[in-house]
Amino acid sequence: MPYGSPGHADELSEELIARWNDVIVTTAESLASFKTRFFELDPAKLRDPELSDAVKWPGDPAAPTFCVDEPTVRALCDWPEIGRRSVQLEYCECAVINARDAGGRLRPKRVEVTTELREYWSCIAMHDPDRVRAMAADVLGREPDWEELFGVADPHPLSPEQREIAFGHTVGGHGNNQRLIDAGVPAQPTGRLNIDHALFMTHPINGLDDFLYVVMFGSHPYGVRAGSQIRQATGDDIYTAKEVKHLSCNHADPTITLGAYDNAFAGRQTGFADPIGMYIRVPNLDVFFYGDDPIPPEWARFGRGRASMYQRLVFGPPDDHEAFLDDITVSVGASDQPLTGGYQLLRELEVGLRLLVGHTDPIAESEWELLEPAPAPIACDTDDACATVRELARRLEAEQSGRSALRTL
Amino acid sequence: MTLQEGIYHAPGKRPGRFFALLFLRAAPGVTAPQVADALAGLWQMYGGLKAGQVRDLDGVVLPHDEDALTVLLGFGRNAFELSGTALPRPRGLGDEYLFRSADPSGGGLLLRGSGLRYGADVRANMATEAFCVQAIAETKLATDRVVVETWKALADHVNPELGAAPLQLTTFYLGFQRNDHRSWIDFHDGLSNLRSADREDVIAIAAGADQAWAVGGTYLAFLRLAVDLPGWRRLSRRDQELAVGRDKLSGCPIVEVDGERLVTDPGCPVAGTQIWESPNDAPFAEPPQTDDTLVRRSHVQRANHHQRPASDSGSRRIFRQGYEFLEWSAGAPGFSAGLNFVSFQDTPERLLRMLTAGGWLGGTNFGGDEEHLPELAGLLSVYGAGVYFMPPVTEGERFPGAAALGG
């Protein structure tokens, strides 16, 4: 400690760094019941730590694929506003920017992808409104009004707590933060700025508390008795025994928990490399074409972080170029498909953590947390697991067929 | 519903030493039920071969105990173009899960975003037919016999309405296993294949992941990869080891580059043992994570990013079951040597993304310093590529997947 700004994207004052680290520590302390000696929040306390970037996963939503067919998953993910707030649950959110072509037709122009943490932006907004406006300006290419960020003409007279609430209302949502919920902040922002754009992640389960939880949850010496031996537990064993089967049905959570658990089982500690954050791995841009040529490199603009720590990708032609997003083709297997939304791009991306793995004492006999073996594999396609997705699919179908015009969730 | 035989994923099971992969084309105008009848006949014939019975030797039982013949039937995309098909095409046979065709003039990319290309003399990919049959056995005769007996059975099954057999044997590829755990480039191969505990999760299609009737089945991906051995042998041992990511002699994974020295774990392998033997298999067979950028470019590091859980297609883990080949070829060196790459997975997406994704094998032919070593950029050439759905065994069916053909 202390951790720098995520991705080292911002040069912060010592005061802001301290506030951000307060958020991290407070969040970890709220999860103290999951803490074992196989997790260490302070990287300085890890013994001979080695950096690992193996904990990564595809950015496209996995859970809906068990419930509906792939075209429907794609349609759900790309459903304006609703897709982002309902199925983009892999610590990676996107928004499609539309523009009118020469014929006046509204078409997708670019996709904005973000893995930035709501808690970080909220922290900066609380303590330094000017800084958060500068961050937004850097992302948007224009300086937003205060109203767009805080819903008020000037946030400076507000207390930090009032700014947090105002910012949550306008661009952040409540992030499952009980104080914000009690203050009436909705789950999703009411202002357009972080809906029309992907400024940072807003889904309540794409938060700092969630990935701290899954890392800490995985950092346990779980085992399953097998005769006179103790074998390594499977994901099914762990999620079934701990009654968190839902964790097994997306890409991110099982990858994170089992990555941390592998370390614990080997008698190693897991921690976070500085800075804590969710990072986008650079994809193979050779699968994207404009005409017969690879897309120009400047059509994939990574940002909000140093190399290997990008938290933002803006993908598509610039405003002054005649091309639109759907003029780009993405080559998948034997097919070349027009790029029509964010889902296809998310499928090409990997998102992940940067972990540190340190040495520690071996697991003592008394430390094992023995689990019952899972009686059956976890099914992700049950009616219960799929209820939300299938209902969304029905609503989408109804909207698309004009039978209904539901606009909100 | 269970996986068919011929996928040697169970602990302690080793595939037989010989391999044949046959490709069957449906005749123009043939219907799915007509094809089903032909396949039922083939399936019955294969059962007979396992019991030592051959079509033209009525009443004779040939030696067969040592054969340990297994036969695996696969459906290609074209099978679901037949009229009368009764079940929907499995998702993994959609265009986005298949390999690209070779250029009509020869060559061409296997996949956009991959560094694998068809051989310059490949004008048509012969591994994309309606059906494939994999035969594995402990004797070469047993796999060779599958080829000949398949031809016999199809030749004898002329449909009077069509005036032709519903299915034709268009091509086949043969292969063999090596007992030295190495490949033609002399390095160890197949060491970091999946742990037994993870295999079924990777191979078998889970409920909800595909068409309902496909659950319990799997996908076979096949690549006939020829190796440019003259080019490979022009490389120094160091360049070869950096390309593979293992020590050439011991097979131990390279963990870092220290100047000119390629560093392996000093404990690998345990004295008096080979890399593939216990106790090396657990700690050393799978290359460890490394920060070393040179090592990360190697083949073994690109192909396996150690992601968990293996059951998630995002881990891009696959179950490999490859066989070497050697055949005569015009021009130097007078033969073609290579690998019949075979993998099984619950979705072909695992393999396709492994071959195209950044940081994985995307943009590379094999691995290593391809930018400066043209021998590596052209090391492998594709001579056949296909993706097939292998239906599960369902009780009461005449052959796996019979219901899909209305038969």
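The values are calculated or read from the model by the stated rules, or taken from the named source; none is laboratory data. On a predicted model such as this, the values are computed, not experimentally measured, just so you know. Quick reminder, even Gly has a Cβ in these numbers, built from the backbone with ideal geometry, and neighbours come from all protein chains shown.
Things worth noting here:
- Those residues of the stretch A:30-59 which are more than 18 Å from A:Asp210 (Cα to Cα) and within 14 Å of chain B (Cβ to nearest Cβ), in sequence order: A:Asp48, A:Pro49, A:Glu50, A:Leu51, A:Ser52, A:Asp53, A:Ala54
- Test for B:Trp276: is it aromatic (Phe, Trp, Tyr), within 14 Å of another protein chain (Cβ to nearest Cβ) and within 24 Å of B:Gly251 (Cβ to Cβ): no
- Restricting the first member to the stretch B:68-89 and to residues that are modelled with pLDDT of 95 or more, and the second to residues that are of a type in the set (Lys, Arg) and in a strand (DSSP E or B), the beta-carbon pairs closer than 9 Å and six or more apart or on different chains are B:Asn78/B:Arg25.
- Flag if A:Asp130 is surrounded by fewer than 20 Cβ atoms within 10 Å (Cβ to Cβ) and in a loop (DSSP other than H, G, I, E, B): no
- Residue ID - farthest from A:Glu70 (Cα to Cα), chosen from residues in the stretch B:199-225 that are touching a strand residue (DSSP E or B) at 6+ places or on another chain (Cβ under 8 Å) and outside any strand (DSSP E or B): B:Arg199
- A:Pro254 out of contact with any His (no Cβ under 7 Å at 6 or more places or on another chain), free of Cβ contacts under 8 Å to residues at least 60 places away in the same chain, buried (at least 20 other Cβ atoms within 10 Å of the Cβ) and within 11 Å of another protein chain (Cβ to nearest Cβ): yes
- From the list A:Glu148, A:Glu143, A:Glu161, the one residue that fits, being more than 22 Å from the chain's Cα centre (by Cα) and within 16 Å of A:Ile195 (Cβ to Cβ), is A:Glu148.
- Qualifying position, being more than 30 Å from A:Arg268 (Cα to Cα), touching a residue at least 24 places away in the same chain (Cβ under 8 Å) and facing another protein chain (nearest Cβ under 10 Å), among A:Cys77, A:Cys67, A:Cys94: A:Cys67
- Enumeration of residues in the stretch A:1-35 that are under 19 Å from the mean Cα position of the chain (by Cα) and among the polar types (S, T, N, Q): A:Ser5, A:Thr27
- Condition broken by A:Arg281, with the remaining ones in (1) more than 9 Å from every other protein chain (Cβ to nearest Cβ); (2) in contact with a Phe, Trp or Tyr (Cβ under 9 Å, 6 or more places away or on another chain); (3) under 30 Å from B:Leu116 (Cβ atoms) satisfied: (1)
One line per residue, one yes/no per condition, for (1) surrounded by fewer than 13 Cβ atoms within 10 Å (Cβ to Cβ); (2) at pLDDT 95 or above; (3) outside any strand (DSSP E or B):
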site: A:Arg301; (1), (2), (3): no, yes, no
site: A:His321; (1), (2), (3): no, yes, yes
site: A:Ser331; (1), (2), (3): no, yes, no
site: A:Leu345; (1), (2), (3): no, yes, yes
site: A:Pro375; (1), (2), (3): yes, yes, yes
site: A:Gln400; (1), (2), (3): yes, no, yes
site: A:Arg407; (1), (2), (3): yes, no, yes
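- Figure legend. Inter-residue proximity from the stretch A:368-381: first residues under 11 Å from A:Ile238 (Cβ atoms) and within 14 Å of another protein chain (Cβ to nearest Cβ), second residues outside any loop (DSSP other than H, G, I, E, B) and aromatic (Phe, Trp, Tyr), beta-carbon distance below 7 Å, spacing 6+ or different chains. Indicated pairs: A:Ile378/A:Tyr239.
- Residue within the stretch B:124-132 that is within 20 Å of B:Ala26 (Cβ to Cβ), small (Gly, Ala, Ser) and within 14 Å of chain A (Cβ to nearest Cβ) present: yes
- Sole exception among (1) polar (S, T, N, Q); (2) more than 25 Å from A:Arg304 (Cβ to Cβ); (3) in a helix (DSSP H, G or I); (4) touching a residue at least 40 places away in the same chain (Cβ under 8 Å) for A:Thr27, by number: (2)
- Restricting attention to the stretch B:322-367, the residues that are out of contact with any Lys or Arg (no Cβ under 7 Å at 6 or more places or on another chain), within 14 Å of chain A (Cβ to nearest Cβ) and on the phi > 0 side of the Ramachandran plot total 1.
- In the stretch B:202-244, residue farthest from the other protein chains (Cβ to nearest Cβ) [restricted to those that are under 22 Å from the mean Cα position of the chain (by Cα), closer than 30 Å to B:Val122 by Cβ and of a type outside the set (A, V, I, L, M, F, W, C)]: B:Asp228
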